[in-house]
Amino acid sequence: MKRANYEDYQHNFAGMKDMENWFITHDSTEHRRNALAWRSCNSTKKNFVSEKGVRWSELLRLPYFDPIRFIIVDPMHCLFLGIARWIMKRIWINKSVLTPNDLKKIQEKMNQFKILADLGRIPGNIERGEGFLNYTADQ
């Protein structure tokens, strides 16, 4: 399994010439070792996950289970919610790709939307950068 490489903080991927450098290959032995370390730490679990990107799973008790190769991506929760939220918050907002003025303009446009009641709600608090934290799958 490969993980996205954001070390160079490249925001424009239009060139597509260096795709082999976009992802870092992960080792399942290291993943398993980090997951065991996460399971044994007490109050520092949140920091550990931020640093290593790993949590314990009961599937790791299976000797044949390879956590890197056997991963299942849940499209709704991971791709549509988690990754979209992460991109908005961590890259576009925290790295100032979207300025507070940009967020205000987005909120103004979203406030103008007229949608049918059965389509759900329009995210609020975009102007403060918080509206991206509570997306639902239909948004």
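Rule-based calculations on the coordinates, nothing more; no lab input. Since this is a predicted model, take the numbers as computed values, not measurements. We place every Cβ from the backbone using ideal geometry, glycine too, and count neighbours over all the protein chains shown.
Checked against a 29 Å cut-off, the cross-linked pairs Lys52/Lys95; Lys46/Lys109; Lys45/Lys95; Lys52/Lys89 give Cα-Cα distances beyond that limit for Lys46/Lys109. Were the residues from Asp27 through Cys41 laid out at 0.36 nm apart, the gain over their Cα-Cα distance would be 2.9 nm.
In this simple spin-label approximation, Arg90 and Asp74 carry label points 7 Å from Cα along the Cα→Cβ vector, and these lie 1.8 nm apart.
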